[in-house]
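What follows is a set of notes on a single structure, which appears directly below.
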Amino acid sequence: MMDNRSVSMFLLVVLTLFFLSTLSCCTQSAMRPTPTPSTEVSPTLPENGTPTPLFPTSTPEPSPSASQQLVICMTEPVAASPFMPSRSGDDLLALFYEPPLERRNYRWEARLVERVPSVTTGDVITRQVTVAPGARYADASGAILVHEGESALALPQLVVTFTLKSDLRWSDSHSLTSDDILLGYHLAQSKTAQGSWQELLEYTAQFVALDQYTLLWEGLPGYLTADYARFLFPPQPAHRWQGQQLEQILQDLTPPATGPFQIISWEKSREVRLRRNPHYVGTPSLLEEIVVRFPQQAPEMWPDLLVSGQCDIVTSDPAMTIDRSSWTTPQASGTAMIWTDAAFVILRLDFNLAPKDEQPSPLSDLRVRRGLAQCLNLNHLRQSATNNDEILLPADGFLPPGYPTSPSGVSDIADADIADADIADADIADADIADADIA
């Protein structure tokens with residue numbers, strides 16, 4: 001059995017999630033380029049051990065004659081709102097809602113704000129405040145407590161300033177201001193609001209507008225974190241929804257948009273039609289219109305909708321409920337392809353340095369562990385363990401590849417000479433190592 005004093009070697013398991021798109025449709029999307037079709041059903045690892053990506057690595061030039069409409073098929077969400085998250089709802093929301101800040105490649109990027117707040121820009125400060133008896137505060141672990149002492153506590157308080165861009169407009173031409181953010185703050189407090197807003201509210205001491213484009217977030221005393229960008233509440237159109245409850249707002253099926261498209265119509269159990277938002281501040285889409293359909297057929301019939309051209313894209317929500325083998329024929333024929341995303345889990349090999357029976361273990365010797373590490377051919381392990389649904393990549397810790405502080409240059413080349421030398425130097429017999437606790 002392992003305890004806290006164990007060391008590990010890692011392989012990273014890349015689990016592929018997917019949605020499918022037809023290769024015959026003549027569309028160019030600003031969200032997804034159209035790559036060359038592949039007849040391979042599963043990810044492959046070439047001789048050099050480098051996995052072949054299942055997602056596009058370059059963006060093709062748009063064709064002048066390309067169709068300006070894209071048809072996406074998904075299961076119909078109950079609502080498309082930041083306060084009612086779901087897989088299909090989030091997919092639809094992404095088409096017409098642009099958040100103030102967005103996390104991409106493990107980093108925050110400014111969308112509706114002038115900049116990502118940071119200490120260097122002066123938008124993030126920490127000040128000392130007093131916590132009176134009976135008041136709430138957060139301890140070093142983030143747990144929220146009530147001060148039960150008789151004298152006041154002195155604790156640091158995190159203060160973050162957000163500055164909206166001054167030229168923002170909703171799709172209906174109304175200006176986007178601090179009032180819209182404050183409405184989002186108000187709606188987040190609704191009992192029916194879902195998602196991570198309740199947690200954010202717990203750590204919020206005060207959230208106010210300083211002027212038409214500037215907002216101030218003050219944290220609960222003692223709560224410290226470097227993830228400042230997530231403290232801004234989602235903008236909601238105050239000119240349209242001020243005074244309404246969240247339940248009423250969710251019934252509005254054509255809300256004003258901040259994203260690349262705006263909803264023109266939503267016919268329940270059938271489809272949503274979206275057109276390009278003329279006031280979108282980002283790069284305009286190459287598409288004029290997107291139709292999001294909600295097929296009422298049984299899941300096993302959805303591949304036929306893709307092949308017949310009734311759907312250009314099937315999103316991951318319905319696609320993942322269908323047996324993977326159902327997509328084999330259309331993919332092999334070049335009619336459809338799988339777009340993948342990655343989820344990261346760690347496959348570890350742990351060395352127990354201190355067994356519970358307190359018997360001496362050869363693994364407590366660093367030379368033995370180092371020798372065993374040199375015996376492991378990670379390249380061979382990941383090739384032999386790869387299957388249709390996952391790819392193994394070498395890892396040098398718990399951080400996934402591409403993370404800003406992830407180590408680079410991981411070596412997975414086994415060296416038997418170094419292994420023999422380390423183990424011989426430790427004067428440990430092979431039988432002793434075989435009896436050691438490795439899991």
Could you tally the net charge around residue 214, taking each other residue with its Cβ under 13 Å from the Cβ of residue 214, Lys/Arg +1 and Asp/Glu -1?
-> -2
Normalised by the residues of the stretch 137-252, what does the relative contact order come to in percent, with Cα pairs under 8 Å and at least six apart?
-> 36
Search the structure for amide H atoms under 5 Å from the amide H of residue 244, placed 1.01 Å from N in the peptide plane, and list their residues when 5 or more places away or on another chain.
-> none
Residues with amide H under 5 Å of residue 337's amide H, sequence separation 5 or more or different chain, H placed in the peptide plane at 1.01 Å from N; which?
-> 21, 23
Radius ratio Rg over Rh of the stretch 239-366, counting only Cα atoms, Kirkwood formula for Rh | 1.25
For the stretch 264-276, just list the computed ³J(HN,Hα) in residue order, Karplus coefficients 6.51, -1.76 and 1.60, θ = phi - 60°, integers in Hz, with x standing in for Gly and Pro.
-> 8, 7, 9, 9, 4, 6, 10, 6, 10, 10, 10, 10, 4
HN-Hα couplings for the stretch 279-285 via Karplus (6.51, -1.76, 1.60; θ = phi - 60°), in whole Hz with x for Gly/Pro, come out as 9, 5, 8, x, 5, x, 6
Kindly write out, for the stretch 229-239 in residue order, the coupling ³J(HN,Hα) from the Karplus curve 6.51 cos²θ - 1.76 cosθ + 1.60 (θ = phi - 60°), rounded to whole Hz, with x marking Gly and Pro.
-> 5, 7, 8, 9, 6, x, x, 10, x, 5, 5
Of 295, 248, 220, whose Cα points farthest to the positive end of the dipole of the stretch 213-320 (charges on the beta-carbon: +1 Lys, Arg; -1 Asp, Glu; origin at the Cα centre)?
-> 248
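Here, each number is a calculation from the coordinates, and none is a lab measurement. Keep in mind that what you see is a predicted model, and the values were worked out from it rather than measured. All Cβ positions, glycine included, derive from the backbone under ideal geometry; neighbour counts span all protein chains shown.
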